[in-house]
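Only the coordinates and a few stated rules stand behind these numbers; no lab work does. If you're wondering where the values come from, they're calculated on a predicted model, not measured in any experiment. With ideal geometry, Cβ positions are generated from the backbone for all residues, glycine too; neighbour counts draw on all protein chains shown.
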Amino acid sequence: MNSIPKNLQILTTETSFQLPGPTGELEILLSAAPTPANQESLAIICHPHPLHGGTLSNKVVTTLAKTFQALNMQTLRFNFRGVGKSTGHYGEGQGELHDLYAVLTWVRQVSPQATLWLAGFSFGAYISICAAREGSFAGLISVAPPVNHFPLHEPVNITCPWIVVQGEQDEIVPAAEVFAWVERLHPKPTLIRFPEAGHFFHGGLTALKEALLEELKK
């Protein structure tokens with residue numbers, strides 16, 4: 001593990017480190033933007049459920065990171081408490097939200113002018129949506145938001161540009177429930193549907209990246 005960076009603008013490669021968190025330390029993986037001139041555009045990406053194999057190395061999470069990298073942004077992935085080298089135990093969602101708050105606090109301390117994006121997959125989509133309600137962000141991407149498992153039916157009030165991605169063959173999050181939830185939102189996010197995709201986008205990760213890039217470049 002490396003020391004904690006004190007300035008995001010000097011980052012030139014990928015680095016991992018332990019960041020003080022609410023219950024000990026959080027394992028962070030921070031990747032530089034391909035072009036140094038854009039070192040203050042940063043996307044923070046949240047992984048799936050800690051009790052069901054979710055980690056910062058999840059393939060959908062990694063695909064989201066590659067998508068932001070293709071847009072010349074820095075990316076930050078981290079393991080929630082109790083996952084990988086992050087200390088602590090599963091926090092029923094509320095604890096993981098505080099993990100994300102700790103990451104956001106650190107980023108804003110070392111790079112107060114940074115333009116921040118949030119993204120998440122499944123459980124990570126839920127956590128990032130909760131955080132996006134309470135802060136100022138350039139945008140939000142939610143892949144397979146678990147509307148059937150976590151309280152996303154209350155007023156959401158996301159004001160930044162928002163993309164929701166859903167596979168129509170999702171075996172974990174019912175697509176019909178996601179589509180109905182999106183229809184109730186105001187303002188309404190952009191919805192990208194994948195007719196053949198399941199929850200983990202097996203065989204469809206390249207298509208996921210390409211569809212997101214097409215939308216984000218508009």
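Could you please find all residues in segment 108-122 being among the aliphatic types (A, V, I, L, M) and either closer than 13 Å to I45 by Cα or assigned to a loop (DSSP other than H, G, I, E, B) (or both)?
Matches in segment 108-122: A114, L116, L118, A119.
Counting only residues that are in contact (Cβ under 8 Å) with a residue 60 or more places away in the chain and farther than 16 Å from Q74 by Cα, which one in segment 26-51 is surrounded by the most Cβ atoms within 10 Å (Cβ to Cβ)?
For segment 26-51, the residue satisfying everything is H47.
Output yes when any residue across segment 11-20 is hydrophobic (A, V, I, L, M, F, W, C), without any contact (Cβ under 8 Å) to a residue 40 or more places away in the chain and assigned to a strand (DSSP E or B), and no when none is. Break it down into steps so the answer makes sense when it comes.
First, the residues of segment 11-20 that are hydrophobic (A, V, I, L, M, F, W, C): 11, 17, 19.
Still in the list and also without any contact (Cβ under 8 Å) to a residue 40 or more places away in the chain: 17.
From what is left, the residues that are assigned to a strand (DSSP E or B) are 17.
Within segment 11-20, one or more residues are hydrophobic (A, V, I, L, M, F, W, C), without any contact (Cβ under 8 Å) to a residue 40 or more places away in the chain and assigned to a strand (DSSP E or B).
Is it the case that T87 is surrounded by fewer than 20 Cβ atoms within 10 Å (Cβ to Cβ), of a type in the set (S, T, Y) and either touching a helix residue (DSSP H, G or I) at 6+ places or on another chain (Cβ under 7 Å) or under 15 Å from S122 (Cα atoms) (or both)?
Spelling it out, it is not the case that T87 is surrounded by fewer than 20 Cβ atoms within 10 Å (Cβ to Cβ), of a type in the set (S, T, Y) and either touching a helix residue (DSSP H, G or I) at 6+ places or on another chain (Cβ under 7 Å) or under 15 Å from S122 (Cα atoms) (or both).
So A125 clears everything in (1) more than 24 Å from E40 (Cβ to Cβ); (2) of a type in the set (G, A, S); (3) in a loop (DSSP other than H, G, I, E, B) except one condition, right? Which one?
Only one criterion is unmet by A125, namely (3).
Could you tell me which numbered condition D170 fails, if it satisfies all but one of (1) under 21 Å from L212 (Cα atoms); (2) in a helix (DSSP H, G or I); (3) of a type in the set (D, E, K, R)?
Here D170 meets the rest and fails (2).
Go through the residues of segment 72-79 one by one and say whether even a single one is surrounded by fewer than 20 Cβ atoms within 10 Å (Cβ to Cβ) and touching a residue at least 40 places away in the same chain (Cβ under 8 Å).
Checking segment 72-79: not a single residue is surrounded by fewer than 20 Cβ atoms within 10 Å (Cβ to Cβ) and touching a residue at least 40 places away in the same chain (Cβ under 8 Å).
Hey, any hits in segment 17-25 for a residue that's crowded, with 18+ Cβ neighbours inside 10 Å and within 19 Å of A119 (Cα to Cα)?
Looking for residues that are crowded, with 18+ Cβ neighbours inside 10 Å and within 19 Å of A119 (Cα to Cα), one finds none in segment 17-25, hence no.
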